[in-house]
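Peer 1: Okay, here's the structure, questions in a sec.
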Amino acid sequence: MSQKDATEADTALRAFLLNAQAQTLAKTSSGKTPSGIAGFDDITGGGLPTGRCSLLRGGAGSGKTLFGLTFLAEGALKYRDPGVFICFEETEAELSANFASLGYDLEQLKAANRLAVVHIRVARGEIIEVGGQDFGGQDVGGQDLDGLFLRIGQAIRAVGAKRVVLDPIESLIAGFADMANPRADLRRLFGWLKDRGVTALITGEGGPTGRGFEDHLSDCVIQLDHRVVERVATRTVRVVKYRGAAHGADEYPFLIDAHGIFVPPVGPSPLARDVSTERVRTGIAALDDMLGGEGFWRGSSILVSGVAGAGKTTLAARFAEAACQRGEKVVFFACEASPPQIVRDMGSVGIALQRWIDAGQLRFVATRQVFPGVETHLPRMYREVERFSPGVVVIDSLSTLAASDARAMLPGLIDALKGRGITALLTAAETDAPDALDRAAVYALMDAWLQARMIESGGARARGLVILKARGLAHSSQIRAFTLSAEGVKLGAGPMPGSIPAPIPGPSLARAAALNGAAPAGVTRQEPSPEVSAAEAARRHEAEAKKRMIEIRRRELGARIASLQTKLAQSEREADMLFARQQGAEEAAAQFRREAARPRGRT
């Protein structure tokens, strides 16, 4: 071997060892094995407990089998961890067909010796099949757990498995008629798996089963839920128990789509994050001048609010077009109008969006946020952002969310976008409806706030734009007139004269005339100065904000009361379930003692 070949071989060996060390550290950090499911490992702080048993429970259709298969498939693909799937109900062919619809090829993983799927029938009267033929093709016999251990052990040795899934535990318990003490037998099963050093995931049914000892035997308990609230189906995941590790204890929405399971980062992330010193232009030169000539900070969250017809969607579309012109990719979430309608309407004001769609830089995602609900809509938004990797995200509009949904959705969404350095522009309609968007809560999350206004003056309506907030930027406080025409979006170079929003309830006759552009008989109309107009508008908005804050607090108090009532009812149900389980266990133990004490006849 030449010196050059030896050097190359040494370099390759070093790279391989470093890669293996990095994978080992990633898998064993804090004694946790990553599941490979986006978002779930954030909730658990790294994944499932390594070398221990976890229980995944949930009702029919909640995603237990899919979760288990994803745990094995991602382990084999991302972390080179071979796995074994023990199924007591579905066959290998059924699992392969179902999982293929989500983009996973189980047959390919099995051919590469990365995965073993073993179907074991444990129906009453057919327990002998647990012995049956082992993974190597030899008869192992037996009608108790020893036969099961042989089958699993053969599969583990065949592929060198580090991950094992048993699906579901109820079929195993029901199949063994001679399980006089199921808790002791399951403890033995869990102990056997731990002795093999594998990270095991056991699925089970959710709700009261009359037992409950599976929870106590497991080191980690995960609850999947698929429920319908107000005709809207939502999926949630919650970590009920995790021995020796801190974890998120809330319910988190998750999504099952054509790409598998996805859990978004819902809660707020730490505020200690890197920030960009780069600026992004808005596409409107006069608006950039109001922001010091260079636009907003990259990674900012920008709110554009206003009444219907004020031009919010147009401003958002121009912002998206400007990003595409810079070579960036944009995801535009259209929540009120269809993408073809937006493309057509924006073309009438000189904003050409179709060319960027054809170029692959602009992606429209049309969805109604009211339906199917924030728990489903939020994961879909994260999924689209993750797949497309945009530099800019536009959401038009937040107003289709109820106030409670906006509070639940926005903190996690804004934090996730900021963490990726994505600039977000969101629109919201201003309305006094009882379930209107909580502008005060949204305002606090935004780095910048533009307000599009409709101004009435001289018997005509005109559009105005003002920057109410821009963190870290010197900006103009003027209200600028802007127009929409075939030539595009134009913003005035100076303050808009007489810029007081109308109508204002309860003014005097003379003041009403001044605001509406006409003077009553004997009254001389005086045009207010821009400074007075801006100050008056600011005072009005401050008063409105205070009124809304009172209403918000009233609604929040009502929501808290309802939440406490729900938690109390849930605690009562859990106490009833615990009592029923304990009573069932005591009755089973008493029955066992009676049978053990019964004298046996001689043969």
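Peer 1: Report, by residue number, each residue of region 81-99 that is over 20 Å from Phe149 (Cα atoms) and either in contact with a Phe, Trp or Tyr (Cβ under 9 Å, 6 or more places away or on another chain) or open to solvent by less than 60 Å² (accessible area, probe 1.4 Å) (or both). Reasoning before the result, please.
Peer 2: Initially, region 81-99 is screened for residues over 20 Å from Phe149 (Cα atoms), giving 81, 93-99.
Matches in region 81-99: Asp81, Leu95, Ser96, Phe99.
Peer 1: Scan (1) in a loop (DSSP other than H, G, I, E, B); (2) closer than 25 Å to Arg420 by Cβ; (3) β-branched (Val, Ile, Thr) for the single condition Ile342 breaks and write down its number.
Peer 2: Ile342 satisfies all of (1) in a loop (DSSP other than H, G, I, E, B); (2) closer than 25 Å to Arg420 by Cβ; (3) β-branched (Val, Ile, Thr) except (1).
Peer 1: Do we find a residue being outside any strand (DSSP E or B), modelled with pLDDT of 85 or more and not charged (D, E, K, R) anywhere in region 232-243? Reasoning before the result, please.
Peer 2: Of the residues in region 232-243, the ones outside any strand (DSSP E or B) are 243.
Checking the rest, the ones that are also modelled with pLDDT of 85 or more come to 243.
Subset that is not charged (D, E, K, R): none.
No: region 232-243 contains no residue that is outside any strand (DSSP E or B), modelled with pLDDT of 85 or more and not charged (D, E, K, R).
Peer 1: Check Ala310, Ala366 and return the single one that is over 24 Å from Gln478 (Cβ atoms) and either out of contact with any helix residue (DSSP H, G or I) (no Cβ under 8 Å at 6 or more places or on another chain) or of a type in the set (A, V, I, L, M, F, W, C) (or both).
Peer 2: Just a single option satisfies the conditions, and that option is Ala366.
Peer 1: Could you tell me whether region 12-32 includes any residue that is modelled with pLDDT of 90 or more, surrounded by 21 or more Cβ atoms within 10 Å (Cβ to Cβ), closer than 30 Å to Asp257 by Cα and out of contact with any strand residue (DSSP E or B) (no Cβ under 7 Å at 6 or more places or on another chain)?
Peer 2: No, because not a single residue in region 12-32 is modelled with pLDDT of 90 or more, surrounded by 21 or more Cβ atoms within 10 Å (Cβ to Cβ), closer than 30 Å to Asp257 by Cα and out of contact with any strand residue (DSSP E or B) (no Cβ under 7 Å at 6 or more places or on another chain).
Peer 1: Which one of the conditions (1) modelled with pLDDT under 90; (2) within 17 Å of Leu291 (Cβ to Cβ); (3) among the hydrophobic types (A, V, I, L, M, F, W, C); (4) surrounded by 14 or more Cβ atoms within 10 Å (Cβ to Cβ) does Ala514 fail to meet, given that it meets all the rest?
Peer 2: With respect to (1) modelled with pLDDT under 90; (2) within 17 Å of Leu291 (Cβ to Cβ); (3) among the hydrophobic types (A, V, I, L, M, F, W, C); (4) surrounded by 14 or more Cβ atoms within 10 Å (Cβ to Cβ), Ala514 is out only on (2).
Peer 1: Conditions first: (1) farther than 17 Å from Ala448 by Cβ; (2) open to solvent by less than 20 Å² (accessible area, probe 1.4 Å). Lys329 passes all but one, so which condition is the exception?
Peer 2: (2)
Peer 1: Mind counting the residues in region 290-308 that are open to solvent by 10 Å² or more (accessible area, probe 1.4 Å) and over 32 Å from the mean Cα position of the chain (by Cα)?
Peer 2: 3
Peer 1: Do any residues in region 579-599 that are closer than 14 Å to Pro182 by Cα and part of a helix (DSSP H, G or I) have Cβ atoms under 9 Å from those of residues that are of a type in the set (Asp, Glu) and modelled with pLDDT of 70 or more, where the two are at least six apart or on different chains, and which pairs are they?
Peer 2: Note: no pairs meet the criteria.
Peer 1: While we're looking at this one, here's another question. Which one of these is at pLDDT 70 or above and open to solvent by less than 30 Å² (accessible area, probe 1.4 Å): Leu166, Leu150?
Peer 2: That would be Leu166, the only listed residue that is at pLDDT 70 or above and open to solvent by less than 30 Å² (accessible area, probe 1.4 Å).
Peer 1: Got at least one residue in region 301-318 being assigned by the TED database to the domain that holds Ala474, touching a residue at least 40 places away in the same chain (Cβ under 8 Å) and more than 20 Å from Gln451 (Cα to Cα)?
Peer 2: no
Peer 1: Further question: Examine region 189-204 for a residue that is at pLDDT below 95, of a type in the set (Val, Ile, Thr) and open to solvent by 10 Å² or more (accessible area, probe 1.4 Å), and state whether such a residue exists.
Peer 2: For region 189-204, residues at pLDDT below 95, of a type in the set (Val, Ile, Thr) and open to solvent by 10 Å² or more (accessible area, probe 1.4 Å): absent.
Peer 1: Still on this model: Out of region 60-73, which residues are more than 24 Å from Thr234 (Cα to Cα) and open to solvent by 10 Å² or more (accessible area, probe 1.4 Å)?
Peer 2: none
Peer 1: Out of (1) over 24 Å from Leu450 (Cα atoms); (2) open to solvent by 10 Å² or more (accessible area, probe 1.4 Å), what's the single condition that is false for Val263?
Peer 2: (2)
Peer 1: Continuing with the same structure: Select from region 279-323 the residues that are among the small types (Gly, Ala, Ser), at pLDDT below 95 and assigned to a helix (DSSP H, G or I) and list them in ascending order.
Peer 2: Matches in region 279-323: Ala285, Ala286.
The values are calculated or read from the model by the stated rules, or taken from the named source; none is laboratory data. Worth saying up front: this structure is predicted, and the values here are computed from it rather than measured. Ideal geometry is used to build each Cβ from the backbone, glycine not excepted, and the neighbour counts take in all protein chains shown. Remember, those area values only see protein heavy atoms, side chains included, never the ligands or the DNA or RNA. Shrake-Rupley method; radii C 1.70, N 1.55, O 1.52, S 1.80 Å.
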